[in-house]
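*Asks:* Can you read through this structure? Questions will come right after.
The values are calculated or read from the model by the stated rules, or taken from the named source; none is laboratory data. As the structure is a prediction and not an experimental result, all values here were calculated from the model. Cβ coordinates were reconstructed from backbone atoms using ideal geometry, including for glycine residues, and neighbour counts include every protein chain displayed.
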Amino acid sequence: MAERITPRHENYSQWYIDIVLQAKLADYSPVKGCMVIRPRGYALWEKIQQIIDGMFKETGHSNAYFPILIPESFIQKEAEHVEGFAPECAVVTHAGGEELEEPLFLRPTSETIIWSMYKKWIQSYRDLPILINQWANVLRWEKRTRLFLRTTEFLWQEGHTAHATSEEAVEETLRMLNVYKKFAEEYMAIPVLTGKKSESEKFAGAVDTYTIEAMMQDKKALQAGTSHFLGQKFAKAFDVTYQTRDGNLEYVWATSWGVSTRLIGTLIMAHSDDKGLVIPPKLAPTEVVIIPIYKTGNKVKVVDYAKRVYESIKGSYSTEFDDDDQYSPGWKFTEWEIRGVPVRVEVGPKDMGADEVTLVRRDTGERTLVKVSQVVEKIKTLMEDIQNSLFLRALEFRKGNTRPISDYEEFKQYFESDGGFAESFWCGSSDCEERIKEETKTTIRVIPFNQPEKPGTCIVCGEKAEQQVVFARAY
Ligand SMILES: [Zn+2]
């Protein structure tokens, strides 16, 4: 039998780890904090990559690759950037048996190396915009790690664009935020809040950081992707100017944006259940599994029939045929549930007589008898239905656990008991933000684009406040 998955209500963190390990998505590596992504986890990452990469190309971006090693002097060039990243960097000091003249940083992110190249590539307005994306690994020396959600090395994409004007760069920043929102909602089936980060939560080196924030099943927030307007900070640090149409010299405007293998953790935490992984159909590497149910006497007939069903399905869906003799059907059901395959097709002797099969939905466990001639159509409907209902369930959950709160005592009680998202006014002062973080362990997750018409009063200090923000505890 499979190992037991800790139920969510018992220990949510352990449940998450159990799913990652038992669905064989990832494993711990010999180096603490690093992760081995196993074939099933990597297949999920490839699905994510393939879809998002298509969306990047549709919006005019091209892929390129920059080196993993960055000279220390590059990292030092942008003051906020070095302050934010240097403490969590791993540094190569020796190579080829000698001490290096200049230490080399393993990239925590690639703004500096990329802007050193943009200096070479950009001279005039004709060279702009540059719309480049890179698929790569990055390394940040994390003290507390968790498979997929926070690991020392992780895989991601980082877009780095260069523009002639501030307006163009801001437009690009928001365009990519919308790409992430679309991917999260339409493919991952996870509703997200979008908006800006506060000063203290933004990317080290950004003018503005925009985010997509999702609610997990334990009501904590998870930042699933960010898009940064970098202003002219990196252009100034690397002296990247361009000649305008009028012949003037101006600094170039920049954006960067990224999502990572953290999305896999997000996916697990948002949808999975106590039986195992639940994958939205649009991201499922295996969409359908066929399991023949037979005894020794009728094996050949049932397997033959099931194979015919397989033949009729496999052209339309990524399908696996599981006629492994070493395991019972019951064991297989459990196993494929752990793996999160959206639809299971059971084929038994009775079904064979009626020219039927039984379809079982992974998300609800609901069973449907269907004629073999209609099986492809019916699976299509089921897939759409699973995709939609996962999204709606997550949306309802978030709505049900989001509350407008204007009183600080009520706010504290809310996070001492149930918790969730709190919509509260904030005056904008970092003192208030710091105090609420210390006293309630909540942070400002997002300053939403959609703001109430009337101003309110700050949840902490009671002063007049223009903006309503979303507070939550977060991963
Ligand atoms: Zn305040």
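*Asks:* I'm told residue 144 meets every condition in (1) of a type outside the set (Asp, Glu); (2) touching a helix residue (DSSP H, G or I) at 6+ places or on another chain (Cβ under 9 Å); (3) surrounded by fewer than 18 Cβ atoms within 10 Å (Cβ to Cβ) except one. Can you identify the failing condition by its number?
*Replies:* Status for residue 144: all satisfied but (2).
*Asks:* Residue by residue through segment 56-73, note down the ones that are hydroxyl-bearing (Ser, Thr, Tyr) and over 10 Å from residue 131 (Cα atoms). Walk me through how you get there before you give the answer.
*Replies:* Residues of segment 56-73 that are hydroxyl-bearing (Ser, Thr, Tyr), as a first pass: 59, 62, 65, 73.
Correct list: 65, 73.
*Asks:* Hey, another quick one. Every residue in segment 361-392 that is β-branched (Val, Ile, Thr) and out of contact with any strand residue (DSSP E or B) (no Cβ under 7 Å at 6 or more places or on another chain), please. Steps first, answer last, please.
*Replies:* Within segment 361-392, the subset β-branched (Val, Ile, Thr) is 364, 368, 370, 372, 375-376, 379, 381, 386.
Correct list: 364, 376, 381.
*Asks:* Among the candidates 88, 78, single out the residue that is in contact (Cβ under 8 Å) with a residue 24 or more places away in the chain, surrounded by 15 or more Cβ atoms within 10 Å (Cβ to Cβ) and in the same structural domain as residue 232 (by TED's automatic domain parsing).
*Replies:* 78
*Asks:* Which count do you get for residues in segment 400-427 that are in contact with a strand residue (DSSP E or B) (Cβ under 7 Å, 6 or more places away or on another chain) and not hydroxyl-bearing (Ser, Thr, Tyr)? Don't jump to the end; show me each part of the working.
*Replies:* Taking segment 400-427 and keeping what is in contact with a strand residue (DSSP E or B) (Cβ under 7 Å, 6 or more places away or on another chain), we get 401-406, 411, 414, 420-427.
Still in the running and not hydroxyl-bearing (Ser, Thr, Tyr): 401, 403-405, 411, 420-423, 425-427.
Within segment 400-427, residues that are in contact with a strand residue (DSSP E or B) (Cβ under 7 Å, 6 or more places away or on another chain) and not hydroxyl-bearing (Ser, Thr, Tyr) number 12.
*Asks:* A further question follows. So which pairs qualify, if the first residue must be in segment 411-429 and free of Cβ contacts under 8 Å to residues at least 24 places away in the same chain, the second must be within 16 Å of the ligand (Cβ to nearest atom) and not in a loop (DSSP other than H, G, I, E, B), the Cβ gap must be under 8 Å, and the two must be at least 6 apart or on different chains?
*Replies:* As it stands, the answer is 414/422, since those pairs meet every condition given.
*Asks:* Name the single residue that is surrounded by the most Cβ atoms within 10 Å (Cβ to Cβ) among those in segment 447-475 being within 13 Å of the ligand (Cβ to nearest atom) and either within 23 Å of the chain's Cα centre (by Cα) or among the charged types (D, E, K, R) (or both).
*Replies:* Per the stated criteria, the residue is 471.
*Asks:* In segment 420-445, which residue that is farther than 16 Å from residue 463 by Cα and aliphatic (A, V, I, L, M) is farthest from the ligand (Cβ to nearest atom)?
*Replies:* Among them, the one singled out is 422.
*Asks:* Looking at residue 435, is it within 25 Å of the chain's Cα centre (by Cα) and either buried (at least 17 other Cβ atoms within 10 Å of the Cβ) or farther than 24 Å from residue 150 by Cα (or both)?
*Replies:* Values: within 25 Å of the chain's Cα centre (by Cα): no; either buried (at least 17 other Cβ atoms within 10 Å of the Cβ) or farther than 24 Å from residue 150 by Cα (or both): yes.
Here the answer is no, as residue 435 does not meet what is asked.
*Asks:* Tell me which of these residue 162 doesn't satisfy, since it passes every other one: (1) of a type in the set (A, V, I, L, M, F, W, C); (2) farther than 18 Å from residue 236 by Cα; (3) in contact with a helix residue (DSSP H, G or I) (Cβ under 7 Å, 6 or more places away or on another chain); (4) outside any helix (DSSP H, G or I).
*Replies:* It is condition (2) that residue 162 fails.
*Asks:* Right, something else. Would you check which residues across segment 360-378 are out of contact with any Asp or Glu (no Cβ under 6 Å at 6 or more places or on another chain) and assigned to a helix (DSSP H, G or I) and list them?
*Replies:* Once the filter is applied, which keeps residues that are out of contact with any Asp or Glu (no Cβ under 6 Å at 6 or more places or on another chain) and assigned to a helix (DSSP H, G or I), segment 360-378 yields 373, 374, 375, 376, 377, 378.
*Asks:* Let me ask something additional. Only one residue in 128, 147, 106 is closer than 30 Å to residue 397 by Cα and of a type in the set (A, V, I, L, M), so which one is that? If you could, list the steps in order and put the result at the bottom.
*Replies:* On the way: 128 fails: closer than 30 Å to residue 397 by Cα; 106 fails: closer than 30 Å to residue 397 by Cα.
When all the criteria are applied, what remains is 147.
*Asks:* Could you go through segment 396-413 and let me know if any residue there is within 16 Å of the ligand (Cβ to nearest atom), farther than 16 Å from residue 456 by Cα and of a type in the set (A, V, I, L, M).
*Replies:* Among the residues of segment 396-413, not one is within 16 Å of the ligand (Cβ to nearest atom), farther than 16 Å from residue 456 by Cα and of a type in the set (A, V, I, L, M), which makes the answer no.
*Asks:* Confirm whether residue 284 is farther than 30 Å from residue 112 by Cβ, crowded, with 22+ Cβ neighbours inside 10 Å and within 12 Å of the chain's Cα centre (by Cα). Can you show your working first?
*Replies:* Numbers: farther than 30 Å from residue 112 by Cβ: yes; crowded, with 22+ Cβ neighbours inside 10 Å: yes; within 12 Å of the chain's Cα centre (by Cα): no.
Considered against the rule, which asks whether it is farther than 30 Å from residue 112 by Cβ, crowded, with 22+ Cβ neighbours inside 10 Å and within 12 Å of the chain's Cα centre (by Cα), residue 284 comes out as no.
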